[in-house]
Structures are given as C-alpha cells and as structure tokens.
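One structure is given here, and the rest of the page talks about it.
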Amino acid sequence: QVQLVESGGGLVQSGGSLRLSCVASGRIDGIGAMGWFRQAPGKQRELVASMSAGGSTLYADSVKGRFTISRDNAKGTVYLEMNNLAPEDTAVYYCNADGPRDPYWGRGTQVTVSS
C-alpha cells in the first residue's frame, strides 16, 4: 500500500504563487507516474499535471506556462509550482500516483485564489 499526503495549499491573491508538495510512503518502489488533479465546486475532477517515472510531463492547457511539476523519485515526492494564479484555479488539489494495480490518491489540499 501507498499513502499520499499533500501540503502547501492555502489562500493567495490573484497573480500570486504557491508550491504544493506530496509525499508518498509505503511501497513506493511500485509507483509509476505521479501527478496532480483538482476539483472545483460543482465540477468534475480534472488532470492538472503529471510526470512519469522517467520524467515525461503532461499539463492541462489551462495551466501551461504557469504551473511546473517536478518529482524526486528517491524520496517518492512530487511537487507542483503554481505561478500567476487566477481565481479559476481555486479548487481542492489531489495528489495521484499510479500503482501496480490501482491509482493512489491523497486527501487533497485546498487552494483558494482571491481576485
């Protein structure tokens, strides 16, 4: 089993920055891609960014050029650097990791961007 714990969310003004962190513990040797999803009130959960174990990245169009994902495989940690935040980025951000059978999810961290 793998446990994911996010941190770094909070309240920030429009144009500001936040850095999210997610630490995996347990059987991290079986983890593949790691990434971030978000879910705003009344909306479906959506992919924000992901990174394969080899370093390939994928970003949602809405965050390209503003968000940067990185990971430390040895530590089982994934980060999301978020710059130039906008009110539409307000959501609960969830860490995700691909396991051998099923994906793992964190409990989420709230990001609120005020205008």
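Based on the alpha carbon coordinates of the range 1-85, what radius of gyration and maximum Cα-Cα distance (Dmax) apply, in Å?
13.1, 38
What list of ³J(HN,Hα) values in whole Hz, one per residue of the range 17-29 in order, does the Karplus curve 6.51 cos²θ - 1.76 cosθ + 1.60 (θ = phi - 60°) give from phi, with Gly and Pro shown as x?
So the Karplus estimates, Gly and Pro as x, are 9, 9, 10, 8, 10, 9, 10, 9, 9, x, 7, 6, 5 Hz.
Using each residue's phi in the range 105-114, evaluate 6.51 cos²θ - 1.76 cosθ + 1.60 at θ = phi - 60° and report the 3J(HN,Hα) Karplus result to the nearest Hz, with x for Gly and Pro.
10, x, 7, x, 9, 7, 10, 10, 10, 8
Ignoring ligands, DNA and RNA, please state the percent of accessible area on the chain from carbon and sulfur, probe 1.4 Å.
Working: 2940 of 6220 Å².
Carbon-and-sulfur percentage of accessible area, whole number: 47.
Largest first, please: the extent of the C-alpha atoms of the range 34-76 along each principal axis, to the nearest Å.
The Cα atoms of the range 34-76 stretch 36, 21, 12 Å along their principal axes.
Can you pull out the trypsin sites (Lys or Arg not before Pro) in the range 55-103 whose DSSP state is coil and whose Cβ has at most 16 other Cβ atoms within 10 Å?
Qualifying residues, ordered by number: Lys64, Arg66, Lys75, Arg101.
To the nearest 20 debye, what is the magnitude of the charge dipole of the range 19-88 about its Cα centre, counting +1 on the Cβ of each Lys and Arg and -1 on the Cβ of each Asp and Glu?
Dipole size: approximately 100 debye.
List, in order, the whole-Hz ³J(HN,Hα) value for each residue of the range 69-82 obtained from phi through the Karplus relation with A = 6.51, B = -1.76, C = 1.60 and θ = phi - 60°; use x for Gly and Pro.
Per residue, the Karplus-derived 3J(HN,Hα) values read 9, 8, 8, 10, 4, 5, 9, x, 10, 10, 10, 9, 8, 10 Hz.
Roll a 1.4 Å probe over the protein chains and send me the accessible area per residue for the range 1-105 in Å².
54 Å²
The values are calculated or read from the model by the stated rules, or taken from the named source; none is laboratory data. Bear in mind that the values here come from a model prediction, so they are computed numbers and not experimental data. With ideal geometry, Cβ positions are generated from the backbone for all residues, glycine too; neighbour counts draw on all protein chains shown. Keep in mind that these areas ignore ligands, DNA and RNA; they rest on the heavy atoms of the full protein, side chains included. Shrake-Rupley method; radii C 1.70, N 1.55, O 1.52, S 1.80 Å.
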